[in-house]
Each structure stands twice: as C-alpha cells, then as structure tokens.
Amino acid sequence: MLDYILRRLALMVLTLFGVSVAIFLLLRIVPGNIADILFDSAGMIDPAEKQQITKDLGLDLPLVEQYARWIGGLAHGDLGYSYVSEKPVLDEILPRIPITARLAGLALLFAVCTGVPFGVISAVRQNSWLDYILRVFSLLFLSMPSFWLGLLVLMAFVNWFGILPIYDKAPPTWGAFALMLGVPAATVGLRSSALIMRLTRSSMLEVLRQDYVRTARSKGLSEGAVTFVHALRNAVLPVITTIGIETAFLFGGLIVTETVFNIPGVARFLVEAIRWRDYPMVQNLVMFIAVIVVMVNLIVDIAYMFVDPRIRLRA
Amino acid sequence: MLGDLTMLLDVTDLRKTFPARTGLLGNVIDRVHAVDGISFSIGEGRTLGLVGESGCGKSTVGRAILRLIEPSSGSIRFEGTDIAGLPASELRALRRRMQIVFQDPYSSLNPRQRAGDIVAEPLIVHGIGKASERRAIVEGIFAKVGLQPRQMSLYPHQFSGGQRQRISIARALSLGPRFIVADEPVSALDVSVQAQVINLLMDLQAQDGLSYLFISHNLAVVEHVSHDVAVMYLGRIVEHTDKASIFAQPLHPYTQALMAAVPVADPSIRRDKKHVMGDVPSPINRPSGCHFHPRCPMAQAQCRTEEPVLREVQPGHRVACHLV
Amino acid sequence: MAPVLEVSGLTTVFHTRTGVVRAVQDVSFSVEAGETLAIVGESGCGKTMTALSLMRLIPMPPGEITAGTVKVAGTDLLTLDEASMRKMRGSQIAMIFQEPMTALNPLFTVGRQIAEMVSLHENVSRRVANDRAVEMLQHVRIPAPERRAREYPHQMSGGMRQRAMIAMALACKPKVLIADEPTTALDVTIQAQVLDLIDDLRKELGTAVVLITHDLGVVAETADRMIVMYAGRKVEEGTTKDLFADPCHPYLQGLLASVPRLGASGSQRLREIPGVVPSLSDLPKGCAFADRCSSAIGKCLEAIPPLEQKRPGHSAACWVT
Amino acid sequence: MSDAWYYARRYPLGVAGAIILIVFVLTALLANVVAPFDPLTTNARASLAPPSGTYWIGADMMGRDMLSRMIHGARISLAVALGATCIGSGLGAMLGLASGYLGGWFDLIVQRIAEIMQSLPLLVMALVITASLGPSLTNTIIAIAIPLIPNVARVIRANVLSLRELNYVEAARAVGMGQARIALRHVFPNTLAPLIVLATAQLGSTILTEASLSFLGLGVPEPYPSWGRMLSESAAEYIRSAPWLVIFPGLAISLVVFGANLFGDALRDILDPRQGD
C-alpha cells in the first residue's frame, strides 16, 4: 500500500514537471516578448529603457535558465513579481484562494447532494416519467453555458428582488453572505450536479444488473434494502473516482462564473492575468491549478483504496 | 509413439513465465510460472490430449507453440525446424503449416467480416491464388466443414455457436496446415452440438492426416479424440502416456483424483466418493516439492521437499511422482 | 408423503422487440423433502427461467408469469403479495447461482452476507446471527470459519465462494433449495466437492433440491428423478435410472448418445443431433424438436405432442415412441 | 431501413436532437439567404431596439439586427464544433490506436503526456493556448481541439487493448498477418463505434468551450458574430435595459448543445449499449 502511494507520488511529481515545462514553453511561443507588448500598449519607444526592462525581467537569458530560475524560485516560495501590479505573485494569489476554495467546496457539496440522490431515483425508476424528466433536465443543465446561467440568475434577482447578488468584501449580514456565495455556487454546481446525476444513474443501472443484486433479492430483502444497502455502495464507487475529473470540470465553470458574479477569486484572476499578458502570474496560476487537480486525484485514489476492499486488501 | 523419430512436433523443456507483480521501477518482483519445463512430441496424424484444470497452463502451451506468446525458453521443433528462435519472416512461412482453433465461438470471429472473407483472408495474406481461385478454395473448405457455400456472404452473428466454430475451423484449414492446436474447441458449445464439432475434427484427421494438440478440461472428450494424453498440474506435466494406459491405469494421484471427480453419465454406477480436498493453489505461490502434495492423499515427507521428475516408469508411460 | 414443492402449468413469457418469447410453457413437477430433482436441458431451453419463476425473480417487465401455480408446503407463491413473497424467499425457498465469482457482494464480508440472511428471517440479535454465519461456514466445510467470515469474497477461491453461497442459502433451513448450474463455473475436482456437499446437506437437513444443469454426468450422479426440457417445455420425466437406461424421447436418446463417456473406449463416431435449438420467439406449430428428429413423422410437424405416461413413473411428450 | 424506423420510434429524444442539429447546420449553411439583415451593418437609430416586427429579437447597441447576427453566429459555432471535434478526435484516435497497438515506450510516453494534459481543466488549457497563439478562428479551433485529444486517445487505447485480447486478432496473427493489416482491418474498424459516440458527445462541449472563450474575450475576434461574444458585449450592463441581448444568444447555444447531447445520448445507447444505460 505504501508502495502504491509512493509510486503515485513519483508519478505526480513527473506530471507536474511536465505541466510546468508545457506551460513555460507555451507562454514563450507568443510572437514578441513581454517587453514589446508592454511597450506597444504603453506607447513608449525608448530602446534603452526597453532593453533595461528586458534585462530586469530576465528575458534575455536562455530559455533553460529562465525555466530553472522559475522552478528554483517555486521551490523557495518565490513566485516572482507580477508584470502588472509589480507586487510579488504570491501576495496576489494567496488572498484569492479562500474565496475560490469556499465557492468550489460549496458547489461540489451542492452537486453531490443533489446529483447522487437524483441519479439513484432515476435509475431505480428507470423508464418512468420521473426518470425521463430527470434525464432531460440533467442534459439541459449540461447544455447551458455556465456564464449564461449566471447572467439569467442575475437577471432574475434584479427583476424579482431588485438586488444584484454580486461580490461584496464585507457583506452586511449573514444572509447576504450566504446569498453572495450560495447563488454562484449553486449556479456553477448545477452543471456538476447534472454530470454526477448521469454518472450515478448509469453506474446504478449497471450495478442493479449484477448477480449479487439478484442474490440479495433471492434472500428476501426488500427493494429498499437491495437498493440502498447492496446496490448504492457499489454504485457510488465509480462516482468517487470521477471527483478528480469533476474538480477540473468545476474549475472551468468557476472561471466564467467568477467573471459573471464579479468575484475576486483565483479563477477570474487567471483570465485577467491572461488578458494583461501577465505571464509570471499566468504560469504560476496554471501550476497552482494543476497541483490542485493532481492532488485531488491522488486523495481520491487513496480514499478509494479504503472504500473498496478489493483494492485495499490486494495492495 | 513416444520416442518415435518421425515426429511432426517436438517440444523440449518449454517454459513461460509472466510478471505477476512489478516494483516501483518496473522491476519484476513475482513471476507466474505458467509453463514450467514441459516436453512432449506429436506424430503425423495423431492427437495429443492436454488435460488440466483452470490455471494449469495448458492454453499457454498451445499459444507458445504457435509463438502467439513468446516462450521464455525451450525448443519447439516443427518438421525439424526449431521455431522458438525463428525470426518473424521465416515464422510467417511456417504459419501455413500450423494453425489454431479457439474456445469462444463469439470472440474468435471478427464481427465485421463476412464468413467467406474470414476464411479467404489467410489466402490473401499469403498471396495464394487469384480472387476467383480463392473463391473456389473457400467454397471447397466450406463444404468440407459442413457449411453451405451460400453462407459465405453472411456475417458471424447470423450463425449459431456450432456453425461459428465450423467457420473457425475453416479459417484454420484454409492454408492447408499439418498441425492444429485446438484450444477447448467444444467447451463453449451446447451438448448436442459438441458431437458435431468433435466428429468434424476427427473426420478431418482421418481424411487429411492432420495432427492435433487437443487442449481440454473435459476428460471424456479428451479420451474420445486423443491417441496420447498428457495431464498438467500447475505448469508441469504430471503424467503422459497413450490413451489406453492412462484411462485403464492412471498412475499419478492427481490423474486418479481427476478421473474420480468426473461425473459419469450412468446412474447405475454410483462410485464410492473419495474426492480430493482443497483448492488448486495459485500459480504464483506454488507449493514446494511436488506441487500436488497439499491435496494428495498419499503425500509423504519427501513429497514436500523434493520435486519429482517426469520419468518413464513403464514403456511409454511417464509419471512425475515419488511414489510410483 | 406430500411433496414440498409442487409446480403445475407454469408458463413464463418475455415481451421483447421481436415478439413474445415463450421461455417456459406449461411446466409441472413436484419434489419431496430430501429428494433431488434435476432439470436438464441445453442453453435456452428455459431451465433457468423456470428456476427464477419459482423464486419470482423474473424481471417484470419484460417478463411475466402468465399461468400456473408454485406451491411450497401448500402455499401458492404466485398468489402472494410482494411482502409475503419476500418472507418466503430465503426462509422457505432459497437459490444458489452459477457464477460464484459475481453472486456475492464484493463490498461486504462473507460473514455479514450470511448473517444478513439470518437476521432478516429470524428475530435474533446481531451476535447470534454472526455466530450462525460462522457455524454455517463450518457446516459447508470451510476451514478456519471464524477467519473466513471476516473475509471479502475476492479473497476466496471460486469453490470456496460457492460453498459460502450454499451456507447462505441454507442458513435459514429452507424447505426447497434451487441450485442453478452450481458447478458449471468450477473445476472438475472442485465440482465433485461441491456436489458432495449439496448432497450431504440435503440428507442431513431433509431439503428438497432442484438441481438445474446441462451436464448429464452431474444428473446421473446426484439426482433421484429428472425432467428434460426442450424449447421451454418439459419433454420427458422419470427416475434418473429409468431415463438413462431407456430414454423415450428422441431428444434425450440423441443427447445420451452424443456425449462421450469416460471409460467407454471412444473410437466409434459420436451420434450427432443435427441442426440447432429453435428460437423461443419463433417456435414451430408442432413438436419443437421435429426438424432435428430422425424419427419424425407428419403428425410431429402438425401438433404439439402431449406429455403422456409411457411406463409407470416415466412420461414423455412424443408422438412416435 | 426498418431498423432506422425502429430506433427512431425507440429514441424520440434522439430524433429531436437530430432535428435540432439539422436545423442548426442548415441555418449556418444558408445564413446569407435566411438572415433578414447584414449582421455587420450598424444603424445608430436602431440602437438597443427591442423585439419588433422589423427586429424580431431586437437589435444590439450598434443597431445591428440580433437575429441576423445569431444566424451568422451559427457558422462560427458550426465551424468550431466540426473543426475542433474532427481534429481532436482524429488525432486522439490515431494516438490511441498507435499507443494501444504498439505498446512499449511509445505507449508510455503517450500515456504520460495524456496525464499531463488531463491535469489541467479543459477551459484553462484552451485559454492558455489561445493566449499563446493569439486570437483567430483557426487558433480558437486548435485551442479547443488540443485539450480533447487525451480523452479520446485514452478511450480508444483502452478499446484497442481489449480488442487485442480477442481471439480473432490472435487468429489473424496465427495465419501470419502483418501488424499493419491487423491494426487496420481487424482492430480499427471495431473501435469506430466508440469513436463516433465520443465525437458526438464532444460536439456540444466544443460549442460550449468556444462560447466561454469568446465570452471571456479570448475567442473568435471581431468582426465574426460569435454567440459567446455577443453575450460578453451585452453582459452585465444590459441585464436591466435590454434583456433580449442576454437571453437569445444563450438560448441558441443551449439549444444546439442540447440537440447535440440528445443525439449523442441516443447514439451511445444504440452503438454502445454497455457503456450507457
């Protein structure tokens, strides 16, 4: 078991190394370096000043050395400076993390709490009108762009309550706080919920076809016991394994949702950094996202080992 | 028979191991000894029945002989040539001479090919004949295995299990082989259809002098089709002789146990039940000494420590047991 | 002695895209306490569907039991409501399945799965139920039952899992045990052990056993009486000895002659039954076996032969014999 | 033919999806004929005109007809959906086939690269790629196609691995067939069904990704009327004053993606019954 975890950790480091190289290179394919762009946008044309900036930013160094500097800095917690705000990248990112983390956690909670039960209902009542409705709605939610859903929600609040539930650093009341986080979380979580519902449904249907479910029925267990004791536990296993994918999926939704609701989180910050061509910020943010996704996957795999005796006792 | 010089196939000390567990750096920690040093030979027009329970390595033997699995060591002489180390180009020519029929009539045919094309494809691959000639050849083979030429344009799912097995046999026959590995060819078929396929295989042998390695877990079927029989247990041959001797006088305790366990379709003979206890051990963790000793009613101290070798105890009758 | 299980006129159909599949048609038989009845037939003959119909485990829809009675100790299972039927399953009539590898829930220990059966049907504490599970494992001759009870199915071999299934099925001492191809997935030596075990427990507990199998050898060794099914119908019935010695129906005759037997010096050709089993959704008007039968006459194509007594205790459905 | 009729009756939702897709494709192809106005011509007098007999679903701030813009916007969505799905699924299928079939170090490298790519959310990767390639229709297609590759490659690889174990592939080796012939004649044709299912499922997601990129201002640039950008232009400011600017482009996206998903679901049930329900 320890062997397995060590192996996974080794692979994780390898993957993150790959991500860092890929991001680093991608951001340097751009025609013209950052100094050109800064100058173009600022409309300055003093070549000496430009050369100075290029040198300050280390852009005259060979690629390998630029990369080594970045990774070396990462190891010491030195993420470099933002081109735009000229503050340390870490200071910019850190305060935004809890905002996004809270939002993501709430959204995931919402998605699981609605997706799993509806998936089970849909599978147990397969081909009933309830199943049809749940399936059509889940597909519909998956078809709506998150940002549009966000805009519709905003529109509804404006029209019905006359308020805009957008971000406020210090919400006046608990209710406002809940609204401020809850509404975007539900908005972004709706798609994840639909995804989880579909996964749960197909997994549950698969499990209900298994021989051991028939065995359980042959013992004289009630349908409820068969469904919730014997089938459900087996059915959620594959759903657990997809939480890693789920997190990545959720992040995509967060990017646009934070933009729509004007929430100063990590996800929206990535878009801003890309718009501003703030490359130190972009490469560190992308690394941060990759670390989160890879870690979630690792945690899920380890958790899975404890849930499934077939894997726990083999290792 | 055994020791005859005009053998079609001569297998010596064949071994095949698979990695069972790999370490952090891809280093192999445990190995499965699927086939552990077995030797046998098959003469022209004869059938060797290879019997054993699941996991004894009998299917691995069949595939290793055709190099569908690369053997780990040992020699496989077919018509005098050792094919164990043969480069792929030379192996290809030999493929015309030796073929295989599989157990599962469903997965052994490509669902997207018509029956006629399945049988004709080996001819195309080996550049035999023009299209019209190939069609004639395929028609001939179809007739030979008891299928209608008009069925050539049907897809596999339009055939029953027994008919699919006939198509598999037709494909194997298309290149005119001398030797066929039949890997449990009737196990997946219904009882009433098994006889059709068994008779077909035996008729083909009578007509064309084919040789078979007939792999099966069913002792009765093996007895029916084979000239010689080899019994495998956990990667080794434990007994090997001609059919008459092995069924009349099984010497190895495992062979005896196997025969005692086979239910006989005759309610008037209710034999006394002395069934061997215990499960077949895992091929990864085989017992020391004689692999059968934990289940053997006659095991002695020697059996636990010392591996018995396969030796000729009577003319043409080889047994691997300390007590015989 | 009155039979424990009495089935009469059982008919089960499936409604599918290609039409109505007549899986079981007008099947009747009875089994006494302590007796083994074998239901023999090839794949698609309806033997498994018969078993599942007895347990009322046919998926409905698309399945439907359209006629018949299934009486266990006098109670007709087919007229019970769902809740009363659940009380019967496991306590009065229990079943073991072909695939021991998949028939046990992979996430629960074997002990818990057996104990679940006990606590479901008997009003006992969890500890008593657990003790009973261990006791049952010992009963089916699993070594170190306390340890094995705490193991998960994947830690056991196929033979051991089938024993555990038997332990579970018999935990509440049902009157009837239905064993659907219980040894088909097992190796020969393990098959012999499991058949012995079922046989010994039958004698000890006086359970009526319905053994479903395609293997004539298994039937000959374990069954007192047998029925032969073909294309959803019972075509022959009698004592095992009688049917093997002197089969009346051409199907059983063909079947017996087509199987190679151990010890019969087998150089002579096996007898073949030509053709294939007919599709249950497209059965002929007459005898379903007629087009594969060498002794078929005109009448066989016209009308379904009724089951009639050919000799005392031996009946068959054939116009010719 | 009778099969088609059977499936059509059995999967009414799939048929609905197919009809939505067909209407969408026809609209895109015939945009010049169907659209009542030129999508790019501005008209100051019509600025923010509400839905009316002239402007069925209103006009935007520059007085451009929304309906015409949406009809032309269908072209962008279609181009991106087809382009990205074909490139992504095609490359993914090739890699998956090679990786599953060849095995060894090639497989190992492809697997590791797939893992690296999958550790980034699809939208993040698409954002970074567009950022580095610069905004254009082609680059948007590439940026959306690349993140699709690892998933397709993995599914096809797994499929190939299980197909390789099948006896008919072994039988093909036993008759002396070359690896290339086995791969092309026996393995690849049998991976087509899952590939088609996967590609259809991705149609919808590519449209959504394009819309998101354009919404964030990093997708298809002016003057193409992209649905996503129409929403970003109109976003927060017009929620109160001109809600039609928000409602209709989003509705178009949702409807097309919904159609693609309905169709994809039915197709999966028909072609790959084990994978779904």
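Since every read-out is calculated from the coordinates, none of them should be taken as a lab result. Fair warning: this is a prediction, and the values are worked out from it, not measured in the lab. Here the Cβ positions follow ideal geometry from the backbone for every residue, glycine too, while neighbour counts run over all protein chains shown.
For the range B:111-184, averaging the sequence separation of C-alpha pairs within contact (under 8 Å, six or more residues apart) and dividing by the residue count gives a relative contact order of 45 percent. Annotation for the range A:217-254 versus the range D:142-216: alpha-carbon center distance of 27 Å.
Applying the Kirkwood pairwise sum to the alpha-carbon positions of chain B produces a hydrodynamic radius of 21.0 angstrom. Rg ratio for chain C: its Cα radius of gyration over 2.2 N^0.38 Å, N being its residue count, equals 1.04.
Note on the range B:216-324: semi-axes of the ellipsoid equivalent to its C-alpha gyration tensor, largest first and rounded to whole Å, are 23, 18, 13.
Using the Cβ atoms and a cut-off under 13 Å, what net charge is assigned to the surroundings of D:Ala131, where Lys and Arg are +1 and Asp and Glu are -1? Don't skip to the answer; put the middle values down first.
On the way: positive: A:Arg28, A:Arg275, A:Arg277; negative: A:Glu272, A:Asp278.
Charge balance near D:Ala131 sits at +1.
What is the mean number of Cβ atoms from other protein chains located within 10 Å of the Cβ atom of each residue in peptide B:185-195, rounded to a whole number? Walk me through the intermediate numbers first.
Working: counts 0, 1, 0, 1, 2, 10, 13, 16, 9, 6, 11.
So the per-residue partner count for this stretch is 6.
Give me the Kirkwood hydrodynamic radius of the range A:111-196, using the inverse of the mean 1/r over all pairs of distinct Cα atoms, in Å to one decimal. Write down the numbers at each step before the final one.
Working: mean 1/r = 0.0698 Å⁻¹.
For the range A:111-196, inverting the mean 1/r across all distinct Cα pairs yields 14.3 Å.
Considering only DSSP beta bridges where both residues belong to chain C, give the percentage that are antiparallel (nearest 5). Intermediate values should be presented prior to the final figure.
Numbers: 30 of 49 bridges.
The antiparallel fraction comes to roughly 60 percent.
For chain D, the convex hull spanned by the alpha carbon atoms encloses 159 Å³ per residue.
Going by a ≥ b ≥ c, the root eigenvalues of the Cα gyration tensor, does chain A fall in the rounded group (a/c under 1.5), the prolate group (a/b larger than b/c) or the oblate group? Write down the numbers at each step before the final one.
Working: a/c = 2.94, a/b = 1.63, b/c = 1.80.
In terms of gyration-tensor shape, oblate.
Remark: C-alpha extents of the range A:62-113 on the principal axes read 51, 23, 18 Å, sorted largest to smallest.
Shielding by partners for D:204-213, please: the mean number of other protein chain Cβ atoms within 10 Å of each residue's Cβ.
Numbers: counts 3, 4, 0, 2, 9, 2, 1, 5, 9, 1.
Mean partner shielding for this stretch: 4.
Write down Rg/Rh for the range B:172-225, rounded to two decimals, with Rg from the C-alpha atoms and Rh from the Kirkwood relation over Cα pairs. List each step's numbers first, then the result.
Values: Rg = 11.0 Å, Rh = 11.6 Å.
A ratio of 0.95.
Comparing Cα centroids, the range C:204-281 and the range A:133-199 end up 66 angstrom apart.
Can you give me the convex hull volume of the Cα atoms of the range A:131-244, divided per residue and expressed in Å³?
Working: hull volume 17.5 nm³, N = 114.
Cα-based convex hull of the range A:131-244, divided per residue, equals 154 Å³.
With both bridge residues required to lie in chain B, what share of the DSSP beta bridges run antiparallel, to the nearest 5%? Before the final figure, lay out the partial values.
Values: 30 of 48 bridges.
Antiparallel: roughly 60 percent of the beta bridges in chain B.
Comparing the range C:247-321 with the 2.2 N^0.38 Å rule of thumb, its C-alpha radius of gyration ratio is 1.25 (two decimals).
Of all DSSP beta bridges in the protein assembly as shown, what percent run antiparallel (nearest 5)? Kindly include the intermediate steps, with their values, before the conclusion.
Values: 62 of 99 bridges.
Bridges in the protein assembly as shown that DSSP calls antiparallel: roughly 65 percent.
Each peptide among D:147-153, A:73-79 gets the average number of other Cβ atoms lying within 10 Å of its residues, and from highest to lowest they stand as D:147-153, A:73-79. Mind running the shape call on the range C:141-219? Use the C-alpha gyration tensor, a ≥ b ≥ c as the square roots of the eigenvalues: rounded below 1.5 for a/c, prolate if a/b tops b/c, oblate otherwise. Oblate, since a/c reaches 1.5 and b/c is not below a/b.
Of interest is the spacing of the C-alpha centroids, which for the range D:1-32 and the range B:58-88 amounts to 55 Å.
Loop-located trypsin sites (Lys or Arg not before Pro) in the range A:150-199 (DSSP state not H, G, I, E or B) with no more than 12 neighbouring Cβ atoms inside 10 Å: A:Lys169. Remark on the range C:185-300: hydrodynamic radius 16.4 angstrom, per the Kirkwood mean of 1/r across alpha carbon pairs.
Across every direction, the projection of the convex hull enclosing the Cα atoms of the protein assembly as shown has a mean area of 56.7 nm². By how many degrees, 0 to 90 and rounded to 10, does the Cα axis of helix C:110-121 deviate from the longest principal axis of chain C? So the inclination is approximately 80 degrees. Dividing the summed -39500 (n - 2.57) terms of all DSSP H runs of n ≥ 4 by the residue count of the protein assembly as shown sets its mean residue ellipticity at 222 nm at -16000 deg cm²/dmol.
Here the range D:98-235 is described by how far its Cα atoms reach on the three principal axes: 65, 27, 19 Å, from widest to narrowest.
Computed over the range C:247-321, relative contact order equals 28 percent, with contacts defined as Cα pairs under 8 Å that lie 6+ residues apart.
Across chain C, Cα pairs under 8 Å and at least six residues apart give a relative contact order of 21 percent. Taking the average, over residues, of other Cβ atoms within 10 Å as the packing measure, peptides C:160-172, B:123-135, B:199-211 rank C:160-172, B:199-211, B:123-135 from highest down. How far apart, in nm, are two points set 7 Å out from the Cα along the Cα-to-Cβ line at A:Arg8 and at D:Glu165? Modelled inter-label distance: 2.3 nm. Looking only at other chains, what is the average number of their beta-carbon atoms within 10 angstrom of each beta-carbon in B:147-157? Across the residues of B:147-157, the mean count of other-chain Cβ atoms within 10 Å is 0. This ranking places C:Cys248, B:Cys56 by how few other beta-carbon atoms lie within 10 Å of each, fewest first, which gives C:Cys248, B:Cys56.
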